[in-house]
Amino acid sequence: MSKLRIGDKRVGDGEKIFITAEIGINHNGSLPIAKNLIDVAVKAGCDAVKFQKRNPEAAVPEKYKNLNRETPWGVMSYIKYKKKIEFGKKEYSDIDQYCKKRQILWFASCWDEQSVDFIDDYNPPCYKIASASLTDKPLLKYTQSKGKPMVLSTGMSTLEEINSAVKLLGEKDLVILHCTSTYPANLNELNLKMIKTLKKLFSCPIGYSGHETGVSPSVIAAVLGACFIERHITLDRSMWGSDQAASLEPKGLEILVRDISQIKAILGDGTKKVYDSELPIRQKLRRYM
């Protein structure tokens, strides 16, 4: 199984599990909320935070642009809403400086080539390909041309589509994330055994992007061999937004990072032994030695 570096972190089997807190668009266009979420990720001990970057004119299909949508700012067209919550140069420059100050990596999933160029100005440690973009071959190749590691989510994709994307990109400097693209995802559709399937099929690091409620499925994914875990985060799951219900609140994120950090110690080395802590009990309860 190959390994790679994201920033100063090594990712792959045997390495510390890389945990990304996806802020995405849960900031609802508010820079203070975005900074609060960065603080949440730092406090929990995450390795990185992730955003989503779009040029709405390019990324939103024409048939949806003029559809009206109810928002916290009133009823407006979908394209106007997408523009309202999209961060620009001023906000991302502030985010870049804030993440450097808080000593946490940040990167983004870019939904169009213009957004790739936009984010590239900040020299991100890697790029994320959203599940929705897995079949967008021009975008995959354009993103790869920036020469950074790529993290590929596989939600709502067939195995044939995944194979096609991986064949296009190659496995060098690639992380593949198992994912189910419903928000929140049903537990009986998480199919975490796909992590082992992907590990058999590909030689690159395999991870998990979770959209379920709760913490335990993502911890189980790590036990099954995921070396990269990504979860959406929020200040409050009742906040407005399509991803909030599938996100972890601050305490949940802290529990996730804590539990994943304990996996190596809990699993042990597979060698049966009598521990020193067992000896007094052994001497007290065993009749025959």
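Of the set (1) closer than 22 Å to LEU4 by Cα; (2) outside any loop (DSSP other than H, G, I, E, B); (3) among the polar types (S, T, N, Q), all apply to SER277 but (1). Every listed requirement among (1) surrounded by fewer than 22 Cβ atoms within 10 Å (Cβ to Cβ); (2) in contact with a Pro (Cβ under 7 Å, 6 or more places away or on another chain); (3) closer than 23 Å to VAL60 by Cα; (4) not acidic (Asp, Glu) is met by LYS137 save one, (2). Of the residues making up region 135-183, those that are polar (S, T, N, Q) and either within 14 Å of the chain's Cα centre (by Cα) or in a loop (DSSP other than H, G, I, E, B) (or both) number 9.
Taking first residues from region 76-103 that are on the phi < 0 side of the Ramachandran plot and partners that are part of a loop (DSSP other than H, G, I, E, B) and surrounded by fewer than 13 Cβ atoms within 10 Å (Cβ to Cβ), the Cβ contacts under 8 Å between residues at least 6 apart in sequence or on separate chains come to SER77/ASN66; SER77/LEU67; TYR78/ASN66; TYR78/LEU67; ILE79/ASN66. When region 222-241 is limited to residues that are assigned to a strand (DSSP E or B) and of a type in the set (A, V, I, L, M), the one that is farthest from ALA41 (Cα to Cα) turns out to be ILE229. Taking region 26-132 as the region of interest, the strands (runs of 3 or more DSSP E) fully inside it that hold 3 or more residues being farther than 24 Å from GLY207 by Cβ and at pLDDT below 95 are 68-71, 74-77. Beta carbons closer than 8 Å, at least 6 apart along the sequence or on distinct chains, pair a first residue in region 134-152 that is over 13 Å from ASP173 (Cα atoms) with a second that is among the aromatic types (Phe, Trp, Tyr) and not in a helix (DSSP H, G or I) for LEU139/TRP111.
For (1) among the basic types (Lys, Arg); (2) surrounded by 18 or more Cβ atoms within 10 Å (Cβ to Cβ); (3) in contact with a strand residue (DSSP E or B) (Cβ under 8 Å, 6 or more places away or on another chain), each residue gets a yes or a no:
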| residue | (1), (2), (3) |
| --- | --- |
| ASP13 | no, no, no |
| VAL40 | no, yes, yes |
| LYS43 | yes, no, no |
| LYS53 | yes, yes, yes |
| ALA59 | no, yes, no |
| ARG69 | yes, no, yes |
| MET76 | no, no, yes |
| LYS82 | yes, yes, no |
| ILE95 | no, yes, yes |
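Among the candidates TYR78, TYR122, TYR127, single out the residue that is farther than 17 Å from ILE23 by Cβ and not polar (S, T, N, Q). Step by step, each of TYR78, TYR122, TYR127 is checked, and only TYR78 is farther than 17 Å from ILE23 by Cβ and not polar (S, T, N, Q).
The values are calculated or read from the model by the stated rules, or taken from the named source; none is laboratory data. What you see is a predicted model, and the numbers here were worked out from it, not measured in a lab. Cβ sites come from the backbone with ideal geometry, for glycine too, and all protein chains shown count toward neighbours.
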